[in-house]
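Notes to accompany the following structure.
Bear in mind these aren't lab numbers, they're just calculated from the coordinates by the rules spelled out. All figures in this text were calculated on a predicted structure; none of them were measured in a lab. No Cβ is skipped: glycine too gets one built from the backbone with ideal geometry, and neighbour counts run over all protein chains shown.
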Amino acid sequence: MPTRACSPTSGSTSWSSNQDPQEVTWVNEGLSDFAIGLVGYGDTRRNVHQTHAESHIFCFHGYGTVKGPSNPNPSDCGGAENSLTMWQDEGTGSEVLADYGNAWSFMQFLDDRYGRAFISALHTTAPTRVSRDYRPSWTSSPRAPRWARYCTTTS
């Protein structure tokens, strides 16, 4: 059953860096969180008002301050203002949860848009072109609005 990381809905395994030790943090952590949903340990379609929601995702969506079954101790853990590629750009506290959610959401978008073979290649290709050749100017390309629309239409 596929999961959507853009649906406001925790955990992390780090399997990605074993393939490419020079992989940048946002790709490594995005793939690691993506694996949580892939193997069935998390369902990113759940939201803060349901049990077993993913804290990385609801923090990225700005629901960290909302009390619910999945968030009994609300805290300001960031939101969508977090950069995808600049890890801990909002500080080193609980805001890093939104960094994980941002990267996870993007990996889910790539999987939904380009398929599992693309994610597999991203994981196993060392060094990955995305990791090495990423330029922040990409966010001004026509692709960025597609991801933003994806996140708002799949919530």
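In what sequence do D33, D111 fall when counting other Cβ within 10 Å, fewest first?
Numbers: D33 30, D111 22.
Neighbour counts put them in this order, fewest first: D111, D33.
Within segment 16-102, report the chymotrypsin sites (Phe, Trp or Tyr not before Pro) that DSSP leaves as loop and that have at most 14 other Cβ atoms within 10 Å. Numbers along the way, then the final one.
Values: sites: W26, F34, Y41, F58, F60, Y63, W87, Y100; in loops: Y41, Y63, W87.
Filter output for segment 16-102: Y41.
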